[in-house]
1. Any idea which residue in region 183-198 is farthest from ligand 1 (Cβ to nearest atom), counting only those that are part of a loop (DSSP other than H, G, I, E, B) and open to solvent by 70 Å² or more (accessible area, probe 1.4 Å)?
2. Hey, among the residues in region 165-175 that are open to solvent by 80 Å² or more (accessible area, probe 1.4 Å) and not aliphatic (A, V, I, L, M), which one's farthest from ligand 1 (Cβ to nearest atom)?
3. Which count do you get for residues in region 57-83 that are farther than 22 Å from Glu140 by Cβ and within 16 Å of ligand 1 (Cβ to nearest atom)?
4. Given the options Arg153, Arg148, Arg180, name the one that is assigned to a loop (DSSP other than H, G, I, E, B) and either within 16 Å of ligand 4 (Cβ to nearest atom) or open to solvent by 50 Å² or more (accessible area, probe 1.4 Å) (or both).
5. I need the full set of residues from region 133-151 which are in contact with a helix residue (DSSP H, G or I) (Cβ under 6 Å, 6 or more places away or on another chain) and either among the basic types (Lys, Arg) or closer than 13 Å to Tyr37 by Cβ (or both), in order please.
6. Quick one: Val76 ticks every box in (1) in a loop (DSSP other than H, G, I, E, B); (2) open to solvent by 30 Å² or more (accessible area, probe 1.4 Å) except a single one, so which number is it?
7. I'm told Ile83 meets every condition in (1) away from ligand 2 (no atom under 16 Å from the Cβ); (2) of a type in the set (A, V, I, L, M, F, W, C); (3) open to solvent by less than 40 Å² (accessible area, probe 1.4 Å); (4) in contact with a Lys or Arg (Cβ under 9 Å, 6 or more places away or on another chain) except one. Can you identify the failing condition by its number?
8. Here are some conditions: (1) over 18 Å from Ala194 (Cα atoms); (2) free of Cβ contacts under 8 Å to residues at least 40 places away in the same chain. Gln179 meets all but one. Which one does it not meet?
Amino acid sequence: MVRGAHYGGACAVLLAAAVALGLGVRGGAAQLDDKFYDGSCPGVHKIVRRVLREAHKADARIYASLTRLHFHDCFVQGCDGSILLDNSTSIVSEKYAKPNNNSARGFTVVDDVKAALEKACPGVVSCADVLAIAAKVSVELSGGPRWRVPLGRRDGTTANLTAANSLLPSPRNNLTMLQRKFAAVGLDDTDLVALSGT
Ligand SMILES: *[C@@H]1O[C@H](CO)[C@@H](O)[C@H](O)[C@H]1NC(C)=O
Ligand SMILES: *[C@@H]1O[C@H](CO)[C@@H](O)[C@H](O)[C@H]1NC(C)=O
Ligand SMILES: *[C@@H]1O[C@H](CO)[C@@H](O)[C@H](O)[C@H]1NC(C)=O
Ligand SMILES: *[C@@H]1O[C@H](CO)[C@@H](O)[C@H](O)[C@H]1NC(C)=O
């Protein structure tokens with residue numbers, strides 16, 4: 001379906017390959033599990049941590065940016081990596097939604113993580129999970145809390161610019177609107193403050 005489509009990001013290209021292999025799952029009842037890659041890619045967390053530490057040497061904002069990238073991915077029809085998809089004949093990228101345009105960043109680091117993971121365990125870790133792990137590791141490396149992140153997401157093959165524009169928090173939103181948008185995805189005021197901080 002998306003084979004041959006032209007995407008800019010390495011993650012998106014590999015996503016196309018995964019879909020061609022029939023690994024894409026939509027609407028399935030698959031359960032996420034923090035041990036999802038224990039057998040297939042046991043070094044996944046270590047590899048992400050290594051690449052992020054390296055990226056942080058040149059870019060002090062990267063941990064916050066990657067946390068925000070996961071958050072801006074998840075607000076729009078779930079944590080499916082759709083924020084990574086570039087414009088193509090079938091996709092209108094979410095990167096140019098007002099809350100993302102010129103502020104969503106860290107894409108090259110996501111590609112670096114994916115490349116390192118492909119070397120260690122080819123074709124195993126989804127780009128959506130790369131974002132989830134990168135956010136978790138970023139919080140950890142910033143001195144924040146640790147948690148076990150459930151894994152096993154499949155990558156989406158569609159983006160929704162309209163949804164990105166309407167669902168993501170905007171600097172123009174008042175508090176009531178912001179609380180409503182976070183509540184819509186099951187997040188509370190503490191989440192609102194923490195994520196707004198990124
Ligand atoms: C991608 O498409 C959107 C919507 O049509 C447009 O606003 C944006 O400029 C395009 N970006 C690039 C890099 O082509
Ligand atoms: C995105 O940013 C570019 C560069 O600042 C600007 O030209 C473009 O109009 C913006 N697009 C949207 C949809 O706001
Ligand atoms: C995109 O998002 C809008 C607004 O949330 C929604 O009405 C529309 O059905 C979505 N389109 C697709 C193809 O999912
Ligand atoms: C907040 O914004 C919403 C949507 O724009 C508006 O309907 C509402 O009246 C505003 N609430 C306050 C307290 O300003």
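The values are calculated or read from the model by the stated rules, or taken from the named source; none is laboratory data. Computed from a predicted structure; not experimentally measured. Every residue, glycine among them, receives a Cβ derived from its backbone with ideal geometry; neighbour counts consider all protein chains shown. To get the accessible areas, we keep the full protein, side chains included, count just its heavy atoms, and leave off ligands, DNA and RNA. Shrake-Rupley method; radii C 1.70, N 1.55, O 1.52, S 1.80 Å.
1. The selected residue is Asp188.
2. Only one residue tops the list, namely Asn174.
3. Qualifying residue count, region 57-83: 2.
4. Arg148
5. Within region 133-151, Ile133, Arg146, Val149, Leu151 meet the criteria.
6. Failed condition: (2).
7. Result: Ile83 passes all but (1).
8. The failed condition is (1).
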